1. Taking the stretch 116-166, which residues are open to solvent by 20 Å² or more (accessible area, probe 1.4 Å) and not in a helix (DSSP H, G or I)?
2. Please list, ordered by residue number, the helices (runs of 4 or more DSSP H) wholly in the stretch 1-110 having 2 or more residues that are at pLDDT 90 or above.
3. For the stretch 99-107, state whether one or more residues are surrounded by 17 or more Cβ atoms within 10 Å (Cβ to Cβ) and without any contact (Cβ under 8 Å) to a residue 40 or more places away in the chain.
4. Tell me the residue from Val247, Val280, Val200 that is farther than 21 Å from Leu395 by Cβ, among the β-branched types (Val, Ile, Thr), modelled with pLDDT of 95 or more and crowded, with 19+ Cβ neighbours inside 10 Å, please.
5. Within the stretch 288-301, which residues are open to solvent by less than 20 Å² (accessible area, probe 1.4 Å) and either closer than 18 Å to Leu327 by Cα or in contact (Cβ under 8 Å) with a residue 60 or more places away in the chain (or both)?
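The values are calculated or read from the model by the stated rules, or taken from the named source; none is laboratory data. Fair warning: this is a prediction, and the values are worked out from it, not measured in the lab. Here the Cβ is made from the backbone with ideal geometry for all residues, glycine too, and neighbour counts use every protein chain on show. Heads up: the accessible areas ignore ligands, DNA and RNA and are worked out on the full protein's heavy atoms, side chains in. Shrake-Rupley method; radii C 1.70, N 1.55, O 1.52, S 1.80 Å.
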Amino acid sequence: MSFSDRIREIREGFERPFWVANISEIFERLSYYAVFAALARYLHESLQFPTQQAASLSGIFGGAVWVMAIVGGALADRIGFRRALSLAYFILSCSYFLVGSIGTPWMAPIRNVLPLGLVVGIILFLPALGVALVKPSVVGTTARASKENVRSIGYSIYYTLVNIGSFLGPFLAGWIHSRMRVENVFRLAALSVFLMFVFVLIFFREPSRIDEQQTTSLGQVGRNLFTVLGNGRFVLFLLIFSGYWIVFWQQYLMLPIFIHDYVDATANTEMILIADPVIVITLTVAVNTLTRHIPAFRAIVLGSLITSVAWLAIGLHPSVWMAVLTLGILALGEITQSPRYYEYISRLAPSGQQGTYMGFAFLPIGIGSLIGGWVAGKLLHYFGEVLHQPNRIWLAVSGIGLMTTVLLWVYDRVFLNRSESSAQTAASKI
C-alpha cells in the first residue's frame, strides 16, 4: 500500500467521535499529570502536611483512579459515552479547582469543621470518579468509531496522545510553578478539562455499537470480581506485580519532595518529571522491536528489574541530573514490560473470560499507588527526618523492586507450566 493510500485509509477509517474523544484525552492526561506532578509538594509546602501524610494522600489520589476504573467502564456503557465523557469532564473541572482552593479563605468554614486531612482526602477522591469514566469511554469510542482495518492504528494513536498529555502536564506545571503560586497548576488543570466538557458537548456524537452484546451491569462487575478472586494464581500475580507499581510511582510520590528537601530547593521538580514520558514517546517502538522475541513473562521480569535498579543512580549520587537519568532508566523498564504485561494477562485468563480479566489488569496500578504513598511517607520520615540519611531511601525502594523481581521469577518457576512457556515462546517468534 502506498503512503497516499495509507493516509486515505486513515482519513476514511475513523469516524468523528474517534478524533473528538482522543483529542480530549490529551487534555485529560495533561490535567491529571500536571496535578500529580505538583501534588506532593503542594500538600507538604503549601498546606503544611508532614512528609509522611503528604505522600500518603498523594498515593490516594493516584490509586483511587485505577481502582474505580473497574466500575467506571460498566457505568460508561450503561449511560453512553457522550454522557459519560461530559459528566467526567465536569466532575474533573470542579474537583481540580477544589484541590487548588483548599487553602483559600472561602474554604475556611469547612477546614474549621473537619480535620484538614479528611477534607483533602475527600476532595482528592473526587477526580477518581471523573477519570474512571474517561478511560473506558475513550477506549470504547476508539473501538466503535474505527473500521476494522485501521483499529490497531487507532489504539496506537490513542497511546501516543496519552503520552503527549503526560509530557505536557508536568511541563506546564513546571512552567507555572516557576512563575506563579502552585495553586495555579490546579486551576490550569480545571480549565483544561472544562474546555473538554464544552468540546464534547458541541462536537461528540455517540458512536454506534459494533455488536449487539449486552452491556455489563454493575451487578455483573461484582460477579466478575468474585470470578477473578476465585483464581488464586491470577490474584497472586496481581499482588506480586503491585510491587512494580509501588516502585514506579515514587517518581510522583517521593522524588519531588526528596529533590526539594535534600538536593536542591530551587529545582523545578515538575520539569524533571518530563524525562519519563519523553523516553516513552521516543523509544517505545525501538525497545519493543528489540524485545519482541522475549517471552511475555520474561519481559515483565526484565522490566521490573530495570525499574528497580534505576533508583540506585540517584541513591548513590543525589543530584538533579541523576534524577533525570534515573527517570530515563525507569522509562526503559516501563516500555519493556508494559505492552507485554497485557499480552500475558490475556494468555493467563481462562477461555471466554479475557474481557473480565483484562478489566482487572489495572488493579496493580491502583494498589501500587495506594501502598506506594504509605511507603513513601514512612521512608521519608524514617531515613530523612529520623536518621538524617535520605540517600538510603532509594536503596529501600530498589530493595522493594528487587524483591518483586525475585517473587515474579519464583512465580514463573512454580506456576507457569511447560505448555504455557512453550506457547509464549512460540508466540514471541511470530
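1. Of everything in the stretch 116-166, just one residue is open to solvent by 20 Å² or more (accessible area, probe 1.4 Å) and not in a helix (DSSP H, G or I), namely Lys147.
2. 16-41, 51-79, 81-100
3. Scanning the stretch 99-107, I find no residue that is surrounded by 17 or more Cβ atoms within 10 Å (Cβ to Cβ) and without any contact (Cβ under 8 Å) to a residue 40 or more places away in the chain, so the answer is no.
4. Criteria check complete, one pass: Val200.
5. Pro295, Ala296, Phe297, Ile300 - these are the residues of the stretch 288-301 that are open to solvent by less than 20 Å² (accessible area, probe 1.4 Å) and either closer than 18 Å to Leu327 by Cα or in contact (Cβ under 8 Å) with a residue 60 or more places away in the chain (or both).
Each row is one residue, and each column tells you yes or no for (1) free of Cβ contacts under 8 Å to residues at least 24 places away in the same chain; (2) within 24 Å of Ser156 (Cα to Cα); (3) open to solvent by less than 10 Å² (accessible area, probe 1.4 Å).
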site: Ser24; (1), (2), (3): no, yes, yes
site: Phe27; (1), (2), (3): no, yes, no
site: Ser31; (1), (2), (3): no, yes, yes
site: Tyr42; (1), (2), (3): no, no, yes
site: Leu47; (1), (2), (3): no, no, no
site: Ser58; (1), (2), (3): no, no, yes
site: Phe61; (1), (2), (3): no, no, yes
